[in-house]
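Report on the following structure.
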Amino acid sequence: METLEKSGVGRSPGRPKDDSKRSAIIDAARRIFVEHGPTGATIDAIAEAAGVSRVTIYSHFENKECLMATVLHEETRDFGALSSALDGGDRSREDVRDALVAFGCSLLDFVEQPHVIRSGRMMIGQAHSMSAETKVFFENGPLRMHRRLGRLIASAKAAGALKTDDPEEDADFLIGMWRGLHHIELQLNAGPPRSKERRYARVRRAVDLYLVARGAEV
């Protein structure tokens, strides 16, 4: 079960909460986390940016980690629909290829955004001193997307379109092929981002190689 669910980020019992204030808190937290990193981001700063009080934030979120988990879930919401693209019956080779390419292109579009790259650098640089925050970041960001790709691959297997014994390990292989050495280059600020054309071409090549390896002709 994901951190968001375990942490009880959902609405607490009691009187209904103000959705507009909750949205303002999430938007403000996203900006503050990007600008200052999880350690530098304080509830006071988020409250000021959202135009609410600390009490209001704590009426919606148990703690800063829960708020961070919610921000990550909002950022990766679209991957839920992508992971269910092959649910419900037989699928052709082209259906599987299209679904994997769509997921891969969306993943690279997301992780190669400047603010996501900056956030990753901050998490790596501060990992030694903030185990709670790095765990939340990992479980609700990279691990969550990894599992959703694993679910997509499992659906393709159930439809008889792929031969694999471990969909989650295959997800790891695919993400590694999509991101490649360029991921480290970006984290180290050692080179410019790829163009969209290069990103998408990389995804298509990797998917085609994967499909051949897993018994689906391309």
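We did not get these values from a lab; they are worked out from the coordinates using the rules stated. In this text the structure is predicted, and so the values were computed from the model without any measurement. Quick reminder, even Gly has a Cβ in these numbers, built from the backbone with ideal geometry, and neighbours come from all protein chains shown.
Once phi is turned into ³J(HN,Hα) by the Karplus curve 6.51 cos²θ - 1.76 cosθ + 1.60 with θ = phi - 60°, what whole-Hz value does each residue of the stretch 134-141 show in order, with x for glycine and proline?
Values, residue by residue: 5, 5, 4, 4, 5, 5, 9, x Hz.
Using the Karplus curve 6.51 cos²θ - 1.76 cosθ + 1.60 with θ = phi - 60°, what ³J(HN,Hα) values do you get for each residue of the stretch 27-42, in whole Hz, with x for Gly and Pro?
Couplings: 4, 5, 4, 4, 5, 5, 4, 5, 6, 10, x, x, 6, x, 6, 10 Hz.
Could you give the length gained on full extension between K135 and A158, defined as 0.36 nm per residue of separation minus the Cα-Cα distance, in nm?
Working: separation 23, 0.36 × 23 = 8.28 nm, distance 3.15 nm.
My answer for the length gained is 5.1 nm.
Quick one: what are the phi-derived ³J(HN,Hα) couplings along the stretch 195-205, Karplus 6.51/-1.76/1.60 with θ = phi - 60°, whole Hz, x for glycine and proline?
Karplus-based 3J(HN,Hα) across the stretch 195-205 equals 6, 4, 4, 5, 4, 5, 5, 4, 4, 5, 4 Hz.
What shape does the stretch 127-209 have by the C-alpha gyration tensor, where a ≥ b ≥ c are the square roots of the eigenvalues, rounded means a/c under 1.5, and otherwise prolate means a/b greater than b/c and oblate the rest? Write out the running numbers ahead of the final one.
Details: a/c = 2.93, a/b = 1.22, b/c = 2.40.
It comes out oblate by the Cα gyration axes.
Quickly work out the H36-to-E48 label distance, labels modelled 7 Å from Cα along the C-beta direction, and quote it in nm with one decimal.
Calculated label separation equals 0.7 nm.
To the nearest 0.05, how large is the calculated FRET efficiency for E94 and E185 if R₀ is 25 Å and r is the Cβ-Cβ distance?
Working: r = 33 Å, r/R0 = 1.31.
It comes to 0.15.
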